[in-house]
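Accompanying notes for the structure given below.
The values are calculated or read from the model by the stated rules, or taken from the named source; none is laboratory data. Note that this is a predicted model, so its numbers are computed, not measured. Note: ideal-geometry Cβ built from the backbone for every residue, glycine included; neighbour counts use all protein chains shown.
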Amino acid sequence: MNLDDLRDIFEPYERLVKIELCGVTREVPENNTILRGLQYLDLEAISYGEFCWNGECLNCQVWLKNGDKEKAVMACRTDVKEGMEIVRMADGIELFGSPQTA
Ligand code: FES
């Protein structure tokens with residue numbers, strides 16, 4: 001699989017936005033959910049992962065930095081935002097071949 005073939009899976013976007021993912025700055029397509037952004041970063045891991053994509057399984061849960069606290073959201077239901085900080089991800093999200101290491 002390569003990203004050009006699969007561009008259709010993403011909502012239309014003109015640019016990438018920077019987010020912080022477990023301490024590492026990454027660029028993901030604007031106008032898309034966090035889960036699509038993770039898919040953009042690791043196509044196979046997310047495409048073949050166990051995700052319902054519609055808010056039912058909770059396998060996509062991530063924790064966003066929210067002031068001094070963390071806020072859990074569903075990555076398939078939450079759009080990316082420039083500067084968003086994802087501090088933790090559900091165990092089922094294994095990017096780049098290892099859990100929790102982005
Ligand atoms: S992928 Fe199932 S709740 Fe988000």
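Couple of notes before you dig in:
- Search result, residues across the range 43-93 that are among the charged types (D, E, K, R) and within 14 Å of the ligand (Cβ to nearest atom): E50, E56, R77, D79, D91
- Residue among R88, R26 that alone is part of a strand (DSSP E or B) and touching a helix residue (DSSP H, G or I) at 6+ places or on another chain (Cβ under 7 Å): R26
- There is no residue in the range 60-76 that is in contact with a Gly (Cβ under 6 Å, 6 or more places away or on another chain), outside any strand (DSSP E or B) and surrounded by fewer than 18 Cβ atoms within 10 Å (Cβ to Cβ).
- Pairs linking a residue in the range 43-64 that is under 19 Å from L21 (Cβ atoms) to a residue that is away from the ligand (no atom under 12 Å from the Cβ) and among the acidic types (D, E), with Cβ atoms under 7 Å and 6 or more positions apart or on different chains, are A45/E94; W63/E70; L64/E70; L64/E85.
- Test: residue in the range 34-42 that is in a loop (DSSP other than H, G, I, E, B), in contact with a helix residue (DSSP H, G or I) (Cβ under 9 Å, 6 or more places away or on another chain) and either among the aromatic types (F, W, Y) or within 16 Å of the ligand (Cβ to nearest atom) (or both): no
- Filter pass, G49 being outside any strand (DSSP E or B), more than 10 Å from the chain's Cα centre (by Cα) and of a type outside the set (S, T, N, Q): yes
- Look at (1) closer than 23 Å to Y13 by Cα; (2) modelled with pLDDT of 95 or more; (3) not β-branched (V, I, T) and you find that N59 fails only one, number (1).
- Filtered residue count, the range 10-38, keeping only those that are of a type outside the set (F, W, Y), farther than 24 Å from D91 by Cα and surrounded by 14 or more Cβ atoms within 10 Å (Cβ to Cβ): 4
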